[in-house]
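A.B. asks: Sharing a structure, written as structure tokens. Questions coming.
The values are calculated or read from the model by the stated rules, or taken from the named source; none is laboratory data. Predicted, not measured: the structure shown is a model, and the values here were computed from it. In this analysis, Cβ positions are derived from the backbone assuming ideal geometry, glycine residues included, and neighbour counts consider all displayed protein chains.
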Amino acid sequence: MLFPNSMRDDVHKQVTAVCHFFFTHNTTKEESVLEAQLKTRGNQWSTAVQLAACSHGDRVVKLAAKQIVATKNAAIFASTLQSDFSLHYNAKFRRALWTQIGKMTAEERNLLFSVDEPVPRPASKILLHSIRSLEELSQVRSLVSTWGAMMSKHLEYIERHLQWKINVSRTSLRDFFSNHATI
């Protein structure tokens with residue numbers, strides 16, 4: 001397995017192909033290569049993090065989540081949660097990342113999520129709006145004891161939005177595809 005890099009054409013296409021491989025195959029050799037890349041802070045670290053979002057290997061997923069949170073950078077947290085690879089492939093990785101965020105001190109989490117701010121920082125809102133399921137929302141809610149007025153409104157909005165997706169959009173799609181007259 002060649003590790004994707006900018007020396008070859010279309011890095012995104014390479015990363016997508018390798019990501020699909022990691023998601024569909026759980027092979028020790030390739031997981032070891034990925035784990036080694038995660039442990040180095042070289043120029044391929046960000047690619048390794050993207051690929052770790054596709055892995056089913058517990059060690060790789062936990063290592064990547066731990067290293068991402070160690071950056072203490074909300075922009076990196078959000079971009080990881082919003083990347084194509086963690087959005088479409090791996091809820092396990094997303095859980096691991098939120099779990100690692102939960103290991104930050106209460107003060108760090110309050111700061112990260114702007115819970116005491118009258119106007120939440122954009123990075124805090126982006127991070128919350130990266131939530132993609134009710135299960136994930138429940139996990140995130142448990143990270144902070146008191147969310148504050150402004151962030152509570154964002155959490156309520158996210159919950160309504162996710163409920164709508166479950167109740168309305170899925171029902172509409174099922175009805176649409178079950179109606180043979182529309183096909």
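A.B. asks: On the given criteria, is residue 29 more than 12 Å from the chain's Cα centre (by Cα), within 30 Å of residue 149 (Cβ to Cβ) and either part of a helix (DSSP H, G or I) or modelled with pLDDT of 85 or more (or both)? Please lay out each step first, then the result.
C.D. replies: Details: more than 12 Å from the chain's Cα centre (by Cα): yes; within 30 Å of residue 149 (Cβ to Cβ): no; either part of a helix (DSSP H, G or I) or modelled with pLDDT of 85 or more (or both): yes.
No; evaluated as a whole, the condition is false for this residue.
A.B. asks: Same structure again: Being assigned to a helix (DSSP H, G or I) and free of Cβ contacts under 8 Å to residues at least 24 places away in the same chain: is that true of residue 107 here?
C.D. replies: Numbers: assigned to a helix (DSSP H, G or I): yes; free of Cβ contacts under 8 Å to residues at least 24 places away in the same chain: yes.
Here the answer is yes, as residue 107 does meet what is asked.
A.B. asks: So, one more: When the residues of the range 118-138 are narrowed to those that are assigned to a helix (DSSP H, G or I) and among the charged types (D, E, K, R), which ends up nearest to residue 154 (Cα to Cα)?
C.D. replies: The first filter runs over the range 118-138 and keeps only residues assigned to a helix (DSSP H, G or I), leaving 122-128, 134-138.
From what is left, the residues that are among the charged types (D, E, K, R) are 125, 135-136.
Details: 125: 8, 135: 16, 136: 14 Å.
Within the range 118-138, the match that is nearest to residue 154 (Cα to Cα) is 125.
A.B. asks: Report, by residue number, each residue of the range 106-120 that is modelled with pLDDT of 95 or more and surrounded by fewer than 18 Cβ atoms within 10 Å (Cβ to Cβ).
C.D. replies: Result: 106, 107, 108, 109, 111.
A.B. asks: What about residue 123, is it over 18 Å from residue 81 (Cα atoms) and small (Gly, Ala, Ser)? Explain how you work it out, then say what you get.
C.D. replies: Details: over 18 Å from residue 81 (Cα atoms): no; small (Gly, Ala, Ser): yes.
So residue 123 does not fit the description; no.
A.B. asks: Among the residues of the range 70-87 satisfying the criterion of being crowded, with 21+ Cβ neighbours inside 10 Å and either out of contact with any Phe, Trp or Tyr (no Cβ under 7 Å at 6 or more places or on another chain) or farther than 19 Å from residue 126 by Cα (or both), which is modelled with the highest pLDDT?
C.D. replies: Keep residues of the range 70-87 that are crowded, with 21+ Cβ neighbours inside 10 Å, which gives 77, 80-81, 85-86.
Filter once more, so that each one left must be either out of contact with any Phe, Trp or Tyr (no Cβ under 7 Å at 6 or more places or on another chain) or farther than 19 Å from residue 126 by Cα (or both): 77, 80-81, 85.
Values: 77: 91, 80: 86, 81: 87, 85: 63.
Result: 77.
A.B. asks: Turning to a different aspect of this structure: Determine whether the range 150-165 contains at least one residue that is in a loop (DSSP other than H, G, I, E, B) and either assigned by TED's automatic domain parsing to the domain that holds residue 115 or modelled with pLDDT under 95 (or both).
C.D. replies: At the first step, the residues of the range 150-165 found to be in a loop (DSSP other than H, G, I, E, B) are none.
Within the range 150-165 (the criterion being in a loop (DSSP other than H, G, I, E, B) and either assigned by TED's automatic domain parsing to the domain that holds residue 115 or modelled with pLDDT under 95 (or both)), the answer is no, since none of the residues qualifies.
A.B. asks: Mind checking whether some residue in the range 44-54 is farther than 20 Å from residue 99 by Cβ and over 15 Å from the mean Cα position of the chain (by Cα)? Don't jump to the end; show me each part of the working.
C.D. replies: Of all residues in the range 44-54, those farther than 20 Å from residue 99 by Cβ come to 44-47.
Of the ones still in play, those that are also over 15 Å from the mean Cα position of the chain (by Cα) are 44-45.
Yes: the range 44-54 contains one or more residues that are farther than 20 Å from residue 99 by Cβ and over 15 Å from the mean Cα position of the chain (by Cα).
A.B. asks: Filter the range 48-75 down to the residues that are of a type in the set (S, T, N, Q) and in a helix (DSSP H, G or I) and list them by number. So that I can check it myself, show each step before the final result.
C.D. replies: Filtering the range 48-75 down to residues of a type in the set (S, T, N, Q) leaves 50, 55, 67, 71, 73.
Those that are of a type in the set (S, T, N, Q) and in a helix (DSSP H, G or I): 50, 67.
A.B. asks: Kindly list, by first and then second residue, each pair from a residue in the range 112-130 that is touching a residue at least 60 places away in the same chain (Cβ under 8 Å) and outside the structural domain of residue 146 (by TED's automatic domain parsing) to a residue that is surrounded by fewer than 21 Cβ atoms within 10 Å (Cβ to Cβ) and part of a helix (DSSP H, G or I), limited to pairs with Cβ atoms under 8 Å and residues at least 6 apart or on different chains.
C.D. replies: As it stands, the answer is none, since no pair meets every condition given.
A.B. asks: If you don't mind, another one. Within the range 38-47, identify whether any single residue is in a helix (DSSP H, G or I) and either modelled with pLDDT of 85 or more or on the phi > 0 side of the Ramachandran plot (or both), and answer yes or no. Can you show your working first?
C.D. replies: At the first step, the residues of the range 38-47 found to be in a helix (DSSP H, G or I) are 38-39, 45-47.
Subset that is either modelled with pLDDT of 85 or more or on the phi > 0 side of the Ramachandran plot (or both): 38-39.
Scanning the range 38-47, I find at least one residue that is in a helix (DSSP H, G or I) and either modelled with pLDDT of 85 or more or on the phi > 0 side of the Ramachandran plot (or both), so the answer is yes.
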